[in-house]
Amino acid sequence: MSVSGPFIRRPVATTLVMVAILLFGVVGYRALPVSDLPNVDLPTLVVTATLPGASPDTMAASVATPLERQFTTIAGLTSMNSVNVVGGTQITLQFDLSRDIDAAAQDVQAAITLASPLLPPSLPNPPTYRKVNPADQPILFIALTSPTLPLYTLDEYGQTLLAQRISMVSGVAQVQVFGSQKYAVRVQVDPAALASRGIALDEVAQAIRSANVNLPTGTLYGRDQAFTIDTAGQLTRAELYRPLIVTYQGGRPVRLEELGQVIDGVEDDKTASWYGTADRFQRSLILAVQRQPGTNTVAVAEAVKALLPSLEAFLPPSVQVEFLFVRSQSVRESVVFV
């Protein structure tokens, strides 16, 4: 009996089977994930902790070591690498392919909780983790520029509006901000002015901390009404710090403006990023979008690009948002021409 016999005797059924196979192939091809490289991403988590002013040796001994001891108890951990710098620690955890990244993240959070009593009490924030591979290149670079707004105002739009909202897109691991210029009041104390008045530097720091607090002040309860007491305890501009009283000498107050300069500035004035074209070259903020391991590059990039127009409606007209690099473009071109 010939294999092709039934198909020859039933041409209509044969045609329908071939059409069904063709349609199944078209649908399956369109559903295939598109990426520039095969999907071999290992589940990777990055744990970060900060302790301003601490040396790398201090970070390694007091922060990285207690965390690493807890991380070694997690099942499926294949490698662990820590990098300690001034004021910061980054621990990269890589798991076996059989581990689900969400389950591994829960184990990492539990390990951080167990290690918390062993960490320095002066740690400003508990250690945090992200589902991102630090060796993976960002899939999007977005430049934020403005010819009129100061950099710390531009940073506020980039950090709070764009970066946080883009981080909520499915498949985005994190959004790094290069050239961040967070607003801060900088106090430049004159050592000669301190020495002439016999004032120590820690007295100035203590006076600033005491004057800049944000604490609840209570409630006044009456017979028929209750009033919540609201006081402006935080100082947000340099002009509010200048008349601050540091101490009293001879019955006369010594104010902060007498001991040096108090200016509006940024937290880190040693980092910067620039954006240049054929007709302009100016300071900017660069947002680098990284995807989660195992997600599709093209899908994540297109989702971020589709979100940006709705976010630009909340930006001032002077703020310009431009793409520097989109990795999905090269992926699409390679698929079209291969």
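The values are calculated or read from the model by the stated rules, or taken from the named source; none is laboratory data. This structure is a prediction, so every number in the text was calculated from the model and none was measured. Cβ atoms come from the backbone with ideal geometry, glycine included; neighbour counts cover every protein chain shown.
For the stretch 151-202, filtered to residues that are surrounded by 20 or more Cβ atoms within 10 Å (Cβ to Cβ) and among the small types (Gly, Ala, Ser), the residue that is farthest from the chain's Cα centre (by Cα) is 179.
Tell me whether the stretch 269-290 contains one or more residues that are surrounded by 12 or more Cβ atoms within 10 Å (Cβ to Cβ), in a loop (DSSP other than H, G, I, E, B) and touching a residue at least 40 places away in the same chain (Cβ under 8 Å). There is at least one residue in the stretch 269-290 that is surrounded by 12 or more Cβ atoms within 10 Å (Cβ to Cβ), in a loop (DSSP other than H, G, I, E, B) and touching a residue at least 40 places away in the same chain (Cβ under 8 Å).
Given the structure, is residue 268 of a type in the set (Asp, Glu) and either on the phi > 0 side of the Ramachandran plot or at pLDDT below 85 (or both)?
Working: of a type in the set (Asp, Glu): yes; either on the phi > 0 side of the Ramachandran plot or at pLDDT below 85 (or both): yes.
Taking the combined requirement at face value, the residue satisfies it.
Residue check: residue 295 meets all listed conditions (1) among the polar types (S, T, N, Q); (2) within 24 Å of the chain's Cα centre (by Cα); (3) under 30 Å from residue 208 (Cβ atoms) but one, namely (3).
Scanning the stretch 309-329 for residues that are in a helix (DSSP H, G or I), under 28 Å from residue 149 (Cβ atoms) and free of Cβ contacts under 8 Å to residues at least 60 places away in the same chain yields 309, 310, 312.
Take residue 262 and decide whether it is out of contact with any Phe, Trp or Tyr (no Cβ under 7 Å at 6 or more places or on another chain), at negative phi, among the hydrophobic types (A, V, I, L, M, F, W, C) and outside any helix (DSSP H, G or I). Spell out how you get there, then give the answer.
Numbers: out of contact with any Phe, Trp or Tyr (no Cβ under 7 Å at 6 or more places or on another chain): no; at negative phi: yes; among the hydrophobic types (A, V, I, L, M, F, W, C): yes; outside any helix (DSSP H, G or I): yes.
Spelling it out, it is not the case that residue 262 is out of contact with any Phe, Trp or Tyr (no Cβ under 7 Å at 6 or more places or on another chain), at negative phi, among the hydrophobic types (A, V, I, L, M, F, W, C) and outside any helix (DSSP H, G or I).
Determine whether residue 289 is among the β-branched types (Val, Ile, Thr) and either over 22 Å from residue 141 (Cβ atoms) or outside the structural domain of residue 326 (by TED's automatic domain parsing) (or both). No, not satisfied. Filtered by the rule that a residue be within 25 Å of residue 55 (Cα to Cα) and in contact with a helix residue (DSSP H, G or I) (Cβ under 9 Å, 6 or more places away or on another chain), the stretch 91-107 gives 91, 93. Residues of the stretch 108-132 that are more than 25 Å from residue 53 (Cβ to Cβ) and more than 23 Å from the chain's Cα centre (by Cα): 114 alone. Scanning the stretch 228-254 for residues that are at pLDDT 85 or above and in a strand (DSSP E or B) gives 245, 246, 247, 248, 249, 252, 253, 254.
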